[in-house]
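All remarks here apply to the structure that follows.
What follows draws every value from the coordinates through simple rules; no lab data is involved. All of these numbers come straight from a predicted model, not from anything done at the bench. Neighbour counts are summed over all protein chains in view; Cβ atoms, including those assigned to glycine, are modelled from backbone coordinates with ideal geometry.
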Amino acid sequence: MTVTDHVPPAAAADPGPAARAVDLVKTYGKGATVVRALDGVTAQFDRASFTAIMGPSGSGKSTFVHCMAGLDVPTSGQVFVGQEAIDQLNDAGLTKLRRDRLGFVFQSFNLVPTLTAAENIALPADLAGHKIDPAWFDFLVDQLGIRDRLTHRPTELSGGQQQRVACARALIGRPDLIFADEPTGNLDSKSSGELMAFLRRSVNEFGQSIVMVTHDPRGAAYADRVIFLADGKIVGGLTSPTADSILEQMKQLGN
Amino acid sequence: MWKATLKGLLAHKLRLALTAVAIVLGVMFVSGTFVLTDTLHSTFTTLFNGIYQHVDFEVRGKAAFSGPAGSAVRSPIDQSIAQAVRKIPGVADAVGTVTGYAQLVATNGKAVTTSGAPTIGLSFNPVSQMSSLHIKSGSPPTSPNDVVIDAGTATKYHFHVGHKVHVLLLGPPRTFTLTGIVTFGTANNLAGATIAAFDLPTAQTLFDRVGRYDAIDILAKPGVNTAQLQRAIARVLPPKVEVVTGQTVANEATNSINQALGFFSTALLVFAFISLFVGGFTIFNTFSIIVGQRTRELALLRVLGASRRQVFRSVLAEATIVGLVASVVGLGLGVLAAVGLRALLSALGISLPSGSLVFELRTVIVALLVGVGVTVVSAISPARRAVRIPPVAALSEHDVVATESSRRRIIVGSAIAVLGVIALALGLTKPAIALVGVGAVAIFIGIGMLAPLVARPMASVIGLPLAGLLGIPGKLGRENSMRSPRRTAQTAAALLVGLALVSTISVFGASVSRSATGSIDQAISASYIITAAGGGGQGQFSASTAGAAARVPGVTAISTVYTGEFKFRKDLSQLTAVSPNRLAQTIILRMQNGSGAPALTAGRLLVDTTTATSDHLVVGSTVPAKFALTGNTHMQVGGIFKPNSLLGSFLVSDKYFLSHFDNPLPVAVLVRSAAGATAAGKAALNAGLRAYPNLKIQTQAEFKASQQKMVNQLLGLVYVLLALAVLIALIGIVNTLMLSVFERTHEIGLLRAVGMRRRQVRAMIRSEAVILSVFGAIIGVVVGTGLGIAFAASLKQQGITDIVVPFSSLIVFLVIAALLGLAAASWPARRAAKLDVLAAIASQ
């Protein structure tokens, strides 16, 4: 692992931020038709903090999260997960990174339809060939209220239940960072509220770090911090946001 | 990961079953062939070992060279040898045996015919412990008027002890009294052959062996050192006579049967592998579609931390499980098929010695290896495509399709096809059958890879009349088949291969048929051709027939045709003999050099122009030759004739032939009648030959028709064997259409929602199926025609002089392919029509 000169090494006691992006640029196409999806984004995500990323469609928020998660390769700039520069990793290294250190929650739940809820939760550990921690599994299942749904297939679950199973799957490996991509996009308001409350608690109580892309100011208000993206650039930020302050900021940004 | 793979498999049982059927059928074919031939092998080995169990030694003439299928041609030996052998201390008994042609006439006056097996006559060995024949009822033959026959024939034709039996022989037919019914070892007969046994002196007279034996069976005294005894016997034998153990004779008999079985088994295995090859195409296609449909799921697994290797393995694991399950089922069905086939052979009158089914470990290993192997190999390319799916495909709202550059496919496909053509050309010129096979496989794979190039334009053209005929449903079916040229081509590939093979056989068969019969009127001038009825064209008949035919009023010329094996220089070749007297009245011999009939009469050899060119022969050349009976000799070329479709490459006079072969049976007798071929002339001939009910007397036209019929029967058999491959291809189409319907649930729901009727949905799916099938069939017929022409052209030396493309048959194949496509669509079409509109629209 190499750490470039302008990034000072972190103190031994301090594990440093959960993830960092340094001057990320992502372009598509060539010549006159070039599209700059990310145009020099630098950001830091602290441990045990909850960050929301907002912005209009085409602002680059999905590209940003994909690059952060090692799913997409930036044109230039660097991404660190913990101390590790992920642009140095090959496909096998990225696979291991996703498997062991990252968690994902998607808008469309993305559970494997042929597996039961319990099997879906255990899937990352199964893929790694690890045993899951049974106490942690029980704890999560009880916290998320899905114990009586464990033997059901995804098609037998409601949207809210499916997303709670997806949350358990993301949390089971105690990842360094969870990426949530519009996690409430397909949920009704009650389920959305419950889910956001749980994510908030996971940050407060288990020290989980979360980065969430969302359109919804009410959801973003659960975060510690909001980053606003537009045209591939960071155009604003809020700490300890409320739904109102977020809406206010969005208005100012011409939304 | 294993859990996800297994659960994924179980969730799609129908898909699994349809994919597996292709392999089940192929493996069934393979294992059935093995079980059947192993069983036959084992029963024949047991049978012959049992028969020769008590014959310690056999004295016989040395074989000059071996004929086809391991049969050796041996000269008879003097019967005085038996007396000499009997005097050797340690020899308990020595009995001479003779064999020859003896065909029974059934009580209804018709000759007893077999389907290819010989009609054997032999001497009955009265020393029961040495005899291969065991009296089942009645008594052994003891007088010149006695005969015993095998139990199989006796039962089938209702012969009973005491009956008078008419027997056709080398000389004039004779009537005998049936004194006994015998079994051959433990079997009722020998694989369909008929057996008539006489007492030894009678048999010697009947088979022209007076004073001679074909062999002497020897029984040793108990406790004698067999090696010493064998040496002692060898010392009293004249040159060119040998003594071998009974075990050796049993092994030779078993080996020659096994060679025939080996040919049978190889032929069946070729078709089994064709089926598996076609099955491989359908599996490749199914897995390609499955991977396509599971793009999102596989990408999700990659996001969650599945490595490329895990994704690759999961697809291959699915293939392995499908292959394994299918192979096990196929193996079981194969055993049942073998049982069924054996019963069928029995029903056809080919009585087989009883014996239990032989199920060798090799059958299991080959079946599993081949079944799993074909499935896994076919799934490798789809698995590689699965690996290329980027994880981000799970997150995007649109389907990200991992595409392989079509340029690379074109280059690789062309390279494989060109290499295939080269291998095929080399294989055909050498000739090397294995290379031909590899070449054909490579050509099919190459064409399969290139087919997507033409899929869109061809589907568009084929679909045009459907769109016109059926309106919107036809138009949509056409659009669907054009939407993914690659899938269209992949789905059609299996049918392409099946139809290519059918067309190859059709072109090849038509060429063989035309070459064999087209020039019959250019080859013979005889009014009638007499051949043996039955025996699958290999039947035998008495040499005395010619004499009887010559006595029929109006007959002006007779030529007896013989054929036999001899060594021309170093190569085993076929020699044909005709009567040179009034040659022009029976045979059309167009000479290029030298003389015809005079040269034959002078004992010279005539060769055809092809052989003369390839062997650098001119009139007057002297060539070394070897006959089994008479050994090395030299033959002088007396003339060179233009190829004659009935005469082969080497021609001598009947007199010359008879001096080098021991009592050969004629293959045909050519008869010229003064009045030509008339109904009255034929009736007269029939009357004159009434004593020989095994004869088939035909005019040239009838002969031609029956030759064509024979070729067509053989073709029919090949078509039946290829039908399985076509069936597998159709199952592949059913499978693809089912997957397409499933994939387009949402779209079909939309069409239904905006007013498409069920009938129209069915028409849409059927249109697509017909386009798919016709597309595959057209390419298949074109490729197959090319292959057929190549095969036929490469056998020009072997007498395929005319190359015929049977257009009407090929068009029939296209029509049949379209109808089969329609049939394949019926289930998927019904399923699509039954979709619940609301649920379909809701599904994503």
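I'd like to verify something in chain B: which complete DSSP H helices, judged by Cα projection on the helix axis, reach 18 Å or more and average at least -1.0 on the Kyte-Doolittle scale?
B:13-51, B:246-293, B:308-347, B:361-387, B:406-429, B:433-470, B:485-517, B:700-743, B:758-794, B:807-833
With only alpha-carbon pairs counted, each pair once and no self-pairs, how large is the Kirkwood hydrodynamic radius of chain B in angstroms?
So the Kirkwood estimate lands at 31.1 Å.
Residues of B:296-303, mean number of Cβ from any other protein chain within 10 Å of their own Cβ, rounded to a whole number?
Mean partner-chain Cβ count within 10 Å for B:296-303: 5.
Net charge around B:Ser826, counting only other residues with Cβ within less than 11 Å of its Cβ (Lys, Arg = +1; Asp, Glu = -1)?
+4
Determine which residues of region A:24-38 fall in the zone a paramagnetic label at A:Asp231 would reach in this model, i.e. backbone nitrogen under 14 Å from the point 7 Å along Cα→Cβ.
A:35-38
Packing-wise, with mean Cβ within 10 Å as the measure, how do B:816-822, A:28-34, B:490-496, B:126-132 rank, highest first?
Packing order, densest peptide first, comes out as B:490-496, B:816-822, B:126-132, A:28-34.
Give me the lysines in straight-line cross-link reach of B:Lys567: C-alpha distance below 28 Å, same-chain residues under 8 apart excluded.
Result set, ordered by chain and number: B:Lys62, B:Lys240, B:Lys430, B:Lys626, B:Lys642, B:Lys655, B:Lys796.
Which percentage, to the nearest 5, of the DSSP beta bridges contained in chain A is antiparallel?
Bridges in chain A are about 55 percent antiparallel.
Per-residue ellipticity at 222 nm for the protein assembly as shown, helices alone: DSSP H runs ≥ 4 residues times -39500 (n - 2.57), over residue total, nearest 500 deg cm²/dmol?
-17000 deg cm²/dmol
Can you tell which of B:Ile321, B:Pro624, B:Pro485 lies farthest toward the positive end of the dipole of the protein assembly as shown, using +1 and -1 charges on the Cβ of basic and acidic side chains (Lys, Arg; Asp, Glu)?
Value computed over the given set: B:Pro624.
Can you give the convex hull volume per residue for the Cα atoms of the protein assembly as shown, as a whole number of Å³?
Per residue, the Cα convex hull of the protein assembly as shown comes to 257 Å³.
At a threshold of 8 angstrom on Cα-Cα distance, excluding pairs fewer than six apart, so keeping six or more, what relative contact order does chain B reach in percent?
RCO, chain B: 16 percent.
Suppose we keep just the alpha-carbon trace of region B:543-691; what are its Rg and Dmax in angstrom?
16.2, 48
Quick one: Debye curve from the alpha-carbon atoms of region B:660-805 only, equal weights, vacuum; give me log10 I(q)/I(0) at q = 0.09, 0.17, 0.22 Å⁻¹ to two decimals.
Cα-only, vacuum Debye calculation for region B:660-805: -0.62, -1.12, -1.38.
Considering every residue in A:124-137, what mean count of other chain Cβ atoms within 10 Å of its Cβ is obtained?
Partner Cβ neighbours, averaged per residue: 2.
Around A:Gly93, with a cut-off of 13 angstrom between Cβ atoms, what is the net charge of the other residues, counting Lys and Arg +1 and Asp and Glu -1?
Computed value for this residue: +1.
In terms of Cα to Cα distance under 21 Å, which lysines are near enough to B:Lys136, apart from those fewer than 8 places away along the same chain?
Output for B:Lys136: B:Lys156, B:Lys164.
Mind checking the alpha-carbon convex hull of chain A and giving the volume per residue in Å³?
Cα-based convex hull of chain A, divided per residue, equals 146 Å³.
Quick check: convex hull of the Cα atoms in region B:56-245, volume per residue, rounded to a whole Å³?
Enclosed volume per residue, from the Cα hull, is 124 Å³.
What is the ratio of the Cα radius of gyration of region B:154-214 to 2.2 N^0.38 Å, with N the residue count, to two decimals?
1.21
If you take each beta carbon of peptide A:99-111 and count the beta carbons of other chains within 10 angstrom, what is the mean?
3
Report Rg (one decimal) and Dmax (nearest whole number) for region B:101-200, counting Cα atoms only, units Å.
Here Rg and the maximum Cα pair distance are 12.0, 36 Å.
At 37 °C and 0.692 mPa s, what whole-number value in µm²/s does Stokes-Einstein give for the translational diffusion of region A:73-121, with Rh from the Kirkwood sum over Cα pairs?
The diffusion coefficient I find is 251 µm²/s.
Binning at 5 Å from 0, report for region B:439-562 what percent of all alpha-carbon pair distances ends up in each bin.
2, 8, 11, 11, 10, 8, 6, 6, 6, 6, 7, 6, 5, 5, 2, 0
Based on the inverse mean of 1/r over its pairs of different Cα atoms, what is the Kirkwood hydrodynamic radius of region B:18-135, in Å?
For region B:18-135, the Kirkwood estimate is 18.8 Å.
With a cut-off of at most 11 other beta carbons within 10 Å, and DSSP calling the residue loop, which trypsin sites (Lys or Arg not before Pro) in region B:554-604 qualify? Please list them.
Answer by residue number: B:Arg569, B:Lys570.
GNM on chain A, C-alpha springs below 10 Å: top fluctuator among A:Ala230, A:Ala135, A:Ala18?
Maximum among the listed residues: A:Ala135.
If you add up the charges near B:Met635, with Lys and Arg at +1 and Asp and Glu at -1, over every other residue whose beta carbon is less than 13 angstrom from its beta carbon, what do you get?
That sum, taken over residues with Cβ under 13 Å, equals +3.
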